[in-house]
1. Relative to the present Cα-Cα distance, how much length would full extension add between F338 and K37 at 0.36 nm per residue of separation?
2. Using the Cα gyration tensor of the chain, with a ≥ b ≥ c the square roots of its eigenvalues, what is the shape: rounded (a/c below 1.5), prolate (a/b larger than b/c) or oblate (neither)?
3. Would you kindly find the accessible area of I158, with a 1.4 Å probe and non-protein molecules such as ligands, DNA and RNA excluded, rounding to the nearest 10 Å²?
4. Cross-link partners among lysines for K274, C-alpha distance below 24 Å, same-chain residues fewer than 8 apart left out?
5. Exactly which trypsin sites (Lys or Arg not before Pro) in region 229-306 are in a DSSP loop and have at most 16 other Cβ atoms within 10 Å?
6. Which residue, Y33, P254, A149, has the largest displacement toward the positive end of the dipole of the chain when charges sit on each Cβ (Lys, Arg +1; Asp, Glu -1)?
7. Among A48, I121, G102, flag the residue with its Cα farthest along the positive direction of the charge dipole of region 1-128, charges on Cβ as +1 for Lys/Arg and -1 for Asp/Glu.
8. Accessible surface of D288 in the full protein assembly, 1.4 angstrom probe, to the nearest 10 Å²?
Amino acid sequence: MQEIFDKANAVLAAINDAKPATAEELEAFRIQYLGSKNVLKDLFGAMAQLPGDRKKEYGQLMNTLKAAAEAKYEEQKNSGSTTQQKVDVPDLSAPGYSLPLGSRHPISIIKNKMIDIFARIGFTVAEGPEVEDDWHNFTALGTPKDHPARDMQDTFYISEDKHWLLRTHTSSVQVRMMETQKPPLRMIMPGRVYRNETISARAHCTFHQVEGLYIDENVSFADLKQAMYYFAQEMFGRDTQIRFRPSFFPFTEPSAEMDISCFICGGTGCAVCKHSGWVEIGGCGMVDPHVLENSKIDPAKYSGYAFGMGIERITMLKYQINDLRLFFENDIRLLKQFESAL
Ligand code: PHE
């Protein structure tokens, strides 16, 4: 009789001592003590051999056993230790995962290329704010309020009095540089500009320009031509020719529009150059003496040239992208094509 009690107590001790750590051990524990053929059932069966006065005591012991097995199972299951212990300790010496590298946006590629080309002939890079005041974007550049030339650029004004605006060109940085630095100045100013244009394949309300400015003693139109010729050859190839057409900008005199010979057809005429053999890449001219005066630079001593080019335009020509909107959609299928470009 004592043997039956001893056996049951031994099982109780085993339950209490058990530490089913892994999920497999926990499942084995469940089968052993709570499953359909568990050991407790045999112990229950032994009750029949006990005299009536001990049956109650044994029954209570059986209940304790069952409760202990259930409690242990629940406790181990909920502690989470079973799952935690299953996780392998990571190999801390293993090399990290490499993150896939994206590619540069074509606009950035061409911008960097332009900076690089001009850096080789001594141009540094200057930047200015995209939210500008009237003075730097217009008035100092020979376009006072009510001047008809303001119509050339549809402007996003951001204050009622039209004092604050989103710059319509990077020429505003030209003014800032002339105001704060002494000649000689030789710099390019890349940046984003804004115009209130209807979005189409050829126009957008935001785009990028690179403005160039060179001010020193005895700077002539020949210097401008040479710099532009050098740029065109470096960007589009050695055989590229340039031509200048008379134009107007309120801040340059004389002013010109610059074309390059079509590098697709070599000048014989194709869709890119609309069968003219030439494609326009930007405006330029000699800085108007009034503009120099506005920035407290003596026009009797100094002269200079300025030019402005649209980065989108150059990029479209260079990579033959025919819709400006593609630059702003960030479609991965377009961007992926520039993975190998620098
Ligand atoms: N700022 C002019 C534009 O945006 C371009 C330009 C720059 C022309 C410098 C001449 C000199 O249209």
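The values are calculated or read from the model by the stated rules, or taken from the named source; none is laboratory data. Quick caveat: nothing in here was measured; it's all calculated off a predicted structure. Because the Cβ atoms are built from the backbone with ideal geometry, glycine has one as well, and the counts that use them run over all protein chains shown. Just the protein is used for accessible areas: all its heavy atoms, side chains included, with ligands, DNA and RNA removed. Shrake-Rupley method; radii C 1.70, N 1.55, O 1.52, S 1.80 Å.
1. Here the answer is 101.6 nm.
2. prolate
3. Accessible area of I158: about 90 Å².
4. K318
5. Qualifying residues, ordered by number: R238, K274, K296, K301.
6. Y33
7. My answer, from the dipole projection, is I121.
8. 30
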